[in-house]
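S.K.: Can you read through this structure? Questions will come right after.
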Amino acid sequence: MTTTVGRYIGQSVKRREDPRLLTGHGRYVDDVQDAGTLHVAFVRSNVARGRITELDVSEARALPGVEAVYTADDLNPMIQQYWASMMGPRIEMGGESVYPPVSVLAPGDVRYVGDPIALVIATSRYIAEDAADLVVVDVEPQRPVLGLREPITNTDLVHPETDSNVSQTMPLPEIPEIEALFANAPHVVTRTFAGARATNVPMEPRGLTVHYDRYRNEMLIRAATQSVHEIKAFAARLTGVPESNVRAVADDVGGGFGQKMMVMREEAAVIMAAFKLGSSPVKWIEDRRENLMASNQARSEEGDLTFAVDAEGHIMAVKCNFFEEVGAYPPSAGATAMLAIGVFTGPYKIPIIIPGCTAVYTNTVGKSAYRGPWALETIFREQMMDHVAREIGMDPIEFRRINIIQPDDLPFKTATEMTLENITPSETLEQVVEMLDVDSFRAEQARAKAEGRLLGLGIGGYVEPSAIAFGVLNSDPAVMTMDVSGKVQVRLGTGSHGHSIETTIAQVVATHLGCDIDDVAVIQGDTATSPMGPGTGGSRTAVIAGGAAQTASIEMREKLVRIAAQLLEASPDDLEVNGGVVSVKGTPQAAIPFAQLAMTAHMAPDMLPEGMGPGLEVIARYRPPTEFTWSNATHGCVVEVDRETGMVDIKRYIVSEDCGQMINPMVVEGQIAGGVAQGIGGVLFEDMAYDSDGNPLATTFLDYLLPSAPEMPDFEYGHVESMSNTLGGYKGMGEGGAIASPPAVANAINDALAQIGVPALTRFPFGPSQIIDAINAG
Amino acid sequence: MKPSKFHYHAPATIGDAVGLLGAHADEAKVLAGGQSLVPMMSLRLATFGHLVDLNKVDGLAGIERSNGHVRIGALTRQATAEHDTTVASDVPMMAKALPHIGHFQIRNRGTVGGSIAHADPASELPAVALALDATLEAAGPGGERQIAAADFFEGTWQTALAEDEILTAVRFPVWGAASGFAVEEVARRHGDFAICGAVCGVELDGDAIVRAAIGLFGVGPTPVRSTLAEQALIAGGAGSDLADIARQAADPLDPSDDIHASGAYRKQIAAVVVRRALTKAIEEARS
Ligand SMILES: Cc1cc2nc3c(=O)[nH]c(=O)nc-3n(C[C@H](O)[C@H](O)[C@H](O)COP(=O)(O)OP(=O)(O)OC[C@H]3O[C@@H](n4cnc5c(N)ncnc54)[C@H](O)[C@@H]3O)c2cc1C
């Protein structure tokens, strides 16, 4: 029996999703209009911290068209359990993880601007918003808790239920031998870096329709979610409706980037409200202002880094102390620095790491996953690599070369006890150096400088801990069935919110099953038809769901081959599968199409091989051999900085990526491009700033600046394909684009500015105003 | 983001429109392209009981040249003006400013009059009107009146128009053949409102500058005309130290901070955009 691997895998097959999505025929939550649907609008706090002194909903309740107005007293006491599968139960429920206090509506006090105080249900969103305006709320403002470090000691508390604003901490240890190492090191460089608060901004904001039918005790949820299984489990815990009676469906989902991985308070409130109402479908479509003001945010992080370096430029030891704010109500723990510490050493041989981290609650929107939740490690480390190189008088590329993990170092055990294997950081670095043609760039840079123009070059490298596989994330299922007609359906626990899964998994199945891609249907996003899986996120789907689909395909093919062998009176070893036909090698006329085999399995079980049961169903589940599947990349960026205006023009952007076996290079490059765009945004444009009263300053797209097409350079791609140890040789790469691009852009800007003696910027965003401030100061 | 309830009126004549504004007083608002008004209503930053839509009113759109002026009807779409040959040849500063307004989709709906009546301090067209000494034509209950651009812009989103007045057209004087114009602005992204920008024009007679216009936007509550710098430029001629002229234009400014840039940045950059625009304008006038 020979296989046909490579027929679809590795090809840039066009996305099957595109015809409907690009012509506006997707089916998103708001596109489904069930009869009798009611609409939700939230009354939200416009004060960051304060006590609610008056809350009167009587006028709102009286408005014609209003079905109900709920406040904390109506919904909070009904909550049964409130925890996310990824983090496990709360302490009081026998678990260990750290969560903020439970409430779906503000419990007597407000804790951030946007905090939902009341929930209005009406016959239309217009009326719901009119009624929301009629709710009388009076808040006695208190001084908000803000910042990353100040809240550690602040005795004003975000959550009065706790005794400190610190949500998680691991103090930086002081170890005498290490202090001595730093004291005697030839070079010691210390810097503090800061990210700019950002938010995910999916094109489709959050939204859900919840229909609880009290007579059947059944709940149907349609949601813009990354994980139907998570919202199903969450709703069951929240309300006490048996999980078997809850069904969650996500058709097309317009992006998530982590924002739709965890269930957030508004979604929980809508589930509770629909449960309490017990009759009509209740729909909440988050509008853009709500999404910017009250959906989870990230990247409000700082890092104090100290590197000790020997005389030749080898990194001897690093200290890193991270600070992050998790806002008031992160949907899970929020904090990500622990994971960042785990992978901080990245692609380098750093023998010693002394880590610390502290996360604090603040009176701002909760922190949650945003594409590369641990990205601070690379964003800060890769900037630090340039700062150190500059300070010790070494070229940043040379400094990286000296420290980077080489092929013969593998498998490499990091200072944080992670085992890196099947990665190619030095190969991707050299590929970028070659594509950039660094020597001629440096010559061009000098010529430009002579004309008064500032060009700069920056590099960013990382190792991505893709396909995290522990806890609920351990594995993914694939259930495959073949119809009488010989077509297959593969049901996955994943969800597609821009990932091309319908295309790429079909490529995997068609390749390993040996059929035409058009004969493969990929079904996901409905708990009634898809087996339990943790959803799509964490760069896992190709690796883990791909492995499951491959396993199922091979098992199905083996079954078909056995049936064919019986019918052809041949040995299975003499058969091959191609284009949906099983044939005898070398005798193509002795062949049976899948349809005939399927008909036999479904309709003529007596003709099946001895011991084989009727039907064609395969249940497979794949758990990768290691908890992380490592991928890696190097980014290179060339910018021109207008020294008079501080405007940055990205001239070239190069990514060399190793994600193992590529299923679909076009999709890989699309993932890279999207991630890089977000990373560029994080440096140059996006800043979800709060003022000193805790007011968010960027609640519309007028102020929250997403990068748009004209700001994007043409991306250039290089690929290194080294196989992982997973089934298909795949490595996840969905987040890396967003992780390595911020430092590449930042380093390029600082490289440009260094030519005129401007000290390097360290705090994002690097907007024109900040760049001119730096030039003026330098 | 749903507006609160309002009554919608679509009058066919200016008289009817003015009548509706009078009848509903401060409850009423004029709707032109809707590119600024509709978002404000959807965000409930503004609520009006009555919208008076000008889009069905006869004779409010159109571009014509007469008596050394180009007259642009208030309802003329920004995109129409942008691609109009009369505007391109006779009011080049306008033609150069228009592509900086948002994106083409916005200019397809947004109107010339709407942009000027809205009077956003970071808008290009108010600065063009001010720099070029445009005349604004308005219709109200008492008939028509003409307002000099210098008297029109009173503050952020505030103009000399009364609540029951409609801007009907804007008239630009046509400059001589030896003129040059340039628009320079710094915006965070393509299509964004400018952090700061300059519109400049010069008319030459040999090396002498016989007419100069320097307008700035994004630097205060209204567009700013730099009369002193214009005079210095006229006194110094085409060989003037343009950096020095630009500094004179920027010196009196006192812009404020916002999330996109500090006031100090705006002031510093004002001198840059004026110098760059003047350099280009003089170059164009010479060619
Ligand atoms: C994403 C985006 C980006 C933008 N970028 C820019 C930019 O870079 N530069 C820029 O200048 N503008 C920009 N704009 C605004 C745009 O130019 C608007 O078109 C313009 O400000 C208003 O014109 P309008 O015809 O749409 O007026 P409307 O939105 O209909 O009205 C605006 C205001 O003017 C009043 N009004 C309108 N017409 C009249 C009239 N004839 N008489 C009396 N009052 C009237 C209305 O009552 C209202 O108060 C942007 C808009 C968007 C949505």
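The values are calculated or read from the model by the stated rules, or taken from the named source; none is laboratory data. Here the structure is a predicted model, which is why all the values come from computation and not from measurement. Positions of Cβ are generated from backbone atoms using ideal geometry, with glycine treated the same way; all protein chains shown enter the neighbour counts.
S.K.: Please state which one of B:Ala162, B:Ala139 is within 11 Å of the ligand (Cβ to nearest atom), assigned by TED's automatic domain parsing to the domain that holds B:Ala97 and crowded, with 17+ Cβ neighbours inside 10 Å.
M.R.: B:Ala139
S.K.: Considering each of A:Val135, A:Val139 in turn, give the residue that is closer than 29 Å to B:Ser4 by Cβ, in contact with a helix residue (DSSP H, G or I) (Cβ under 6 Å, 6 or more places away or on another chain) and not hydroxyl-bearing (Ser, Thr, Tyr).
M.R.: Just one listed residue meets the conditions, A:Val135.
S.K.: Across the range B:47-68, what is the number of residues that are within 13 Å of the ligand (Cβ to nearest atom) and assigned to a strand (DSSP E or B)?
M.R.: The qualifying residues number 4.
S.K.: How about the range A:514-596: which strands (runs of 3 or more DSSP E) wholly inside it have at least 2 residues that are among the polar types (S, T, N, Q) and over 21 Å from the mean Cα position of the chain (by Cα)?
M.R.: A:587-593
S.K.: Please return the ranges of strands (runs of 3 or more DSSP E) entirely within the range B:131-172 where 3 or more residues are under 30 Å from B:Glu203 (Cβ atoms).
M.R.: B:135-140, B:143-148
S.K.: Shifting gears a bit: Part of a strand (DSSP E or B), farther than 24 Å from B:Gln105 by Cβ and within 14 Å of chain A (Cβ to nearest Cβ), is that true of B:Ala198?
M.R.: Criteria met by B:Ala198.
S.K.: While we're looking at this one, here's another question. Given (1) of a type outside the set (Phe, Trp, Tyr); (2) closer than 27 Å to A:Lys349 by Cβ; (3) in a helix (DSSP H, G or I), where does A:Ala469 come up short, assuming only one miss?
M.R.: A:Ala469 satisfies every listed condition except (3).
S.K.: Right, next: For A:Pro605, are the conditions met, namely being away from chain B (no Cβ under 14 Å), farther than 28 Å from A:Pro742 by Cα and surrounded by fewer than 23 Cβ atoms within 10 Å (Cβ to Cβ)?
M.R.: yes
S.K.: Continuing with the same structure: Give the residues of the range A:752-768 that are among the small types (Gly, Ala, Ser), away from chain B (no Cβ under 14 Å) and touching a residue at least 24 places away in the same chain (Cβ under 8 Å), sorted by residue number.
M.R.: A:Ala752, A:Ala754, A:Ala760
S.K.: Something else: A:Gln259 fails exactly one of the following numbered conditions: (1) of a type in the set (S, T, N, Q); (2) within 24 Å of A:Gly334 (Cβ to Cβ); (3) without any contact (Cβ under 8 Å) to a residue 40 or more places away in the chain. What is the number of that condition?
M.R.: Evaluating A:Gln259 over (1) of a type in the set (S, T, N, Q); (2) within 24 Å of A:Gly334 (Cβ to Cβ); (3) without any contact (Cβ under 8 Å) to a residue 40 or more places away in the chain leaves (3) as the failure.
S.K.: I've got another one for you. Pick out the one residue from A:Ile775, A:Ile771, A:Ile749 that is within 22 Å of A:Pro396 (Cβ to Cβ), surrounded by 16 or more Cβ atoms within 10 Å (Cβ to Cβ) and more than 14 Å from every other protein chain (Cβ to nearest Cβ).
M.R.: A:Ile749
S.K.: Specify the residue that is farthest from the ligand (Cβ to nearest atom); the eligible residues are those in the range B:85-104 that are of a type outside the set (A, V, I, L, M, F, W, C) and within 14 Å of another protein chain (Cβ to nearest Cβ).
M.R.: B:Pro99
S.K.: Pairs needed: first member in the range B:57-86, over 18 Å from B:Ala138 (Cβ atoms) and modelled with pLDDT of 95 or more; second member anywhere, within 12 Å of the ligand (Cβ to nearest atom) and assigned to a strand (DSSP E or B); C-beta distance under 8 Å; at least 6 residues apart or different chains.
M.R.: What qualifies is B:Ile63/B:Ile72; B:Ile63/B:Gly73; B:Arg77/B:Thr111; B:Gln78/B:Thr111; B:Ala81/B:Ile72.
S.K.: Okay, moving on. Quick one: A:Ile739 ticks every box in (1) farther than 16 Å from A:Gly675 by Cβ; (2) more than 14 Å from chain B (Cβ to nearest Cβ); (3) crowded, with 19+ Cβ neighbours inside 10 Å except a single one, so which number is it?
M.R.: Evaluating A:Ile739 over (1) farther than 16 Å from A:Gly675 by Cβ; (2) more than 14 Å from chain B (Cβ to nearest Cβ); (3) crowded, with 19+ Cβ neighbours inside 10 Å leaves (1) as the failure.
S.K.: Same structure, new question: Checking the conditions here, which among B:Ala270, B:Ala213 is within 12 Å of chain A (Cβ to nearest Cβ), crowded, with 20+ Cβ neighbours inside 10 Å and of a type in the set (A, V, I, L, M)?
M.R.: Within the list B:Ala270, B:Ala213, the selection yields B:Ala270.
S.K.: Now a separate question. Please verify whether A:Pro101 is at pLDDT 95 or above and of a type outside the set (Val, Ile, Thr), treating the condition exactly as stated.
M.R.: Judged against the criteria, A:Pro101 is not a match.
S.K.: Return the only residue of B:Arg44, B:Arg71, B:Arg77, B:Arg107 being within 11 Å of the ligand (Cβ to nearest atom), among the charged types (D, E, K, R) and either under 23 Å from B:Ala12 (Cβ atoms) or within 14 Å of chain A (Cβ to nearest Cβ) (or both).
M.R.: Every option except B:Arg77 fails the conditions.
S.K.: Still on this model: Only one of A:Asp133, A:Asp115 is among the acidic types (Asp, Glu) and away from every other protein chain (no Cβ under 14 Å). Can you tell me which?
M.R.: The match here is A:Asp115.
S.K.: If you don't mind, another one. Within the range A:354-457, considering only helices (runs of 4 or more DSSP H) that don't extend past its boundaries, which have at least 3 residues that are under 20 Å from A:Glu640 (Cβ atoms)?
M.R.: Output list reads A:376-392, A:425-436, A:438-450.
S.K.: Checking B:Ser4 against (1) surrounded by fewer than 17 Cβ atoms within 10 Å (Cβ to Cβ); (2) within 13 Å of the ligand (Cβ to nearest atom): exactly one of these is not met. Which one?
M.R.: Evaluating B:Ser4 over (1) surrounded by fewer than 17 Cβ atoms within 10 Å (Cβ to Cβ); (2) within 13 Å of the ligand (Cβ to nearest atom) leaves (2) as the failure.
S.K.: Right, here's the next one. Can you tell me which residue is farthest from B:Val70 (Cα to Cα) among those in the range B:165-179 that are crowded, with 22+ Cβ neighbours inside 10 Å and away from the ligand (no atom under 16 Å from the Cβ)?
M.R.: Here the residue is B:Trp175.
S.K.: Turning to a different aspect of this structure: Do we find a residue being surrounded by fewer than 24 Cβ atoms within 10 Å (Cβ to Cβ) and part of a strand (DSSP E or B) anywhere in the range B:226-249?
M.R.: The answer is no; no qualifying residue exists.
Residue-wise test of (1) at pLDDT 95 or above; (2) more than 22 Å from B:Val274 (Cβ to Cβ); (3) more than 14 Å from the chain's Cα centre (by Cα); (4) more than 14 Å from every other protein chain (Cβ to nearest Cβ).
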| position | (1), (2), (3), (4) |
| --- | --- |
| B:Gln158 | yes, yes, no, yes |
| B:Thr168 | yes, yes, yes, yes |
| B:Val174 | yes, yes, yes, yes |
| B:Ala187 | yes, no, yes, no |
| B:Val202 | yes, no, yes, yes |
| B:Ala208 | yes, no, yes, yes |
| B:Leu228 | yes, no, yes, yes |
| B:Gly237 | yes, no, yes, yes |
| B:Leu242 | yes, no, yes, no |
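S.K.: Can we say A:Gly94 is in contact (Cβ under 8 Å) with a residue 24 or more places away in the chain and surrounded by fewer than 22 Cβ atoms within 10 Å (Cβ to Cβ)?
M.R.: no
S.K.: Looking at this structure, is B:Ala25 of a type in the set (A, V, I, L, M, F, W, C), over 30 Å from B:Leu132 (Cβ atoms) and part of a helix (DSSP H, G or I)?
M.R.: yes
S.K.: Right, something else. Does B:Arg145 meet the test of being in contact with a Ser or Thr (Cβ under 6 Å, 6 or more places away or on another chain) and of a type outside the set (Gly, Ala, Ser)?
M.R.: No, not satisfied.
S.K.: Something else: Where in the range A:1-87 are the helices (runs of 4 or more DSSP H), entirely inside, with at least 3 residues that are not assigned by TED's automatic domain parsing to the domain that holds A:Glu286?
M.R.: A:18-22
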